[in-house]
Amino acid sequence: MLKNILEQQKIEFAEKTAEPYVSRSLVIKPSGNDLIKVILGPRRAGKSFLAMHLAKEAGSFGYVNFDDEFLTGLSDTQALMDAVDEVWGNPTNLLFDEIQNIDKWELFLNRLQRQGRNLMVTGSNAHLLGSELSTHLTGRHLPYVLLPFSFPEYVRIKRPDAVAPD
């Protein structure tokens with residue numbers, strides 16, 4: 001069942017990343033160090049969309065969207081990782097969207113980081129994610145805050161040929 005869910009998410013990922021994308025002013029390097037990249041921010045700011053495009057640029061990657069009713073009660077994270085490795089081809093880089101939707105997610109991330117995986121995660125619940133980060137991932141993560149479009153980003157959408165001040 002996990003494999004089927006991830007195969008469907010892989011199709012959805014390809015569809016989403018094929019949509020037009022406006023690059024954001026926030027600079028995040030998806031690889032290059034072993035710290036967990038955490039993208040925080042208000043709802044509907046574009047955290048998932050940004051992270052998907054960053055993951056795609058990283059080369060070999062795997063993706064799991066935990067905003068899925070079949071994954072919210074997940075307790076066997078090793079079975080999940082076996083399915084991720086099978087569907088995505090043993091990726092080094094992993095993107096976990098809405099990670100706060102599974103129990104003990106911070107322990108799961110710590111284990112994967114110790115195993116040498118390069119992690120990027122998003123979460124809509126900034127309060128929960130922020131407090132858990134400070135407790136469980138101190139010294140192991142880089143937080144990035146993505147806000148809704150700035151004026152220059154908005155101009156790039158409406159008039160791609162215009163030069164807007166950054």
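The values are calculated or read from the model by the stated rules, or taken from the named source; none is laboratory data. Everything quoted here is computed from the prediction, not taken from an experiment. Positions of Cβ are backbone-derived with ideal geometry, glycine not excepted, and every protein chain shown enters the neighbour counts.
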Revision key, fill the gap. For region 61-86 the number of residues that are closer than 17 Å to residue 12 by Cα and in a loop (DSSP other than H, G, I, E, B) is 6
Check your understanding: Do you know which of the residues in region 13-36 that are out of contact with any Phe, Trp or Tyr (no Cβ under 9 Å at 6 or more places or on another chain) and in a helix (DSSP H, G or I) is surrounded by the fewest Cβ atoms within 10 Å (Cβ to Cβ)?
Key -> 15
Study note, to complete from the structure: For residue 39, the lone unmet condition from (1) farther than 19 Å from residue 142 by Cβ; (2) modelled with pLDDT under 95; (3) among the hydrophobic types (A, V, I, L, M, F, W, C); (4) not in a loop (DSSP other than H, G, I, E, B) is (1)
**Study point:** Filter result (of a type in the set (S, T, N, Q) and surrounded by fewer than 17 Cβ atoms within 10 Å (Cβ to Cβ)) within region 49-85
**Key:** 60, 72, 75, 78
Practice item. Would you check if residue 139 is at pLDDT 90 or above, over 15 Å from the mean Cα position of the chain (by Cα), part of a loop (DSSP other than H, G, I, E, B) and small (Gly, Ala, Ser)? Key: no
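Count, please, the residues in region 99-118 that happen to be without any contact (Cβ under 8 Å) to a residue 40 or more places away in the chain, assigned to a loop (DSSP other than H, G, I, E, B) and under 21 Å from residue 57 (Cβ atoms). Even if it seems obvious, please write down each step before you answer.
The first filter runs over region 99-118 and keeps only residues without any contact (Cβ under 8 Å) to a residue 40 or more places away in the chain, leaving 99-108, 110-112, 114-115, 117.
Within this subset, residues satisfying the condition of being assigned to a loop (DSSP other than H, G, I, E, B) are 102-104, 115, 117.
Within this subset, residues satisfying the condition of being under 21 Å from residue 57 (Cβ atoms) are 117.
Total meeting the criteria: 1.
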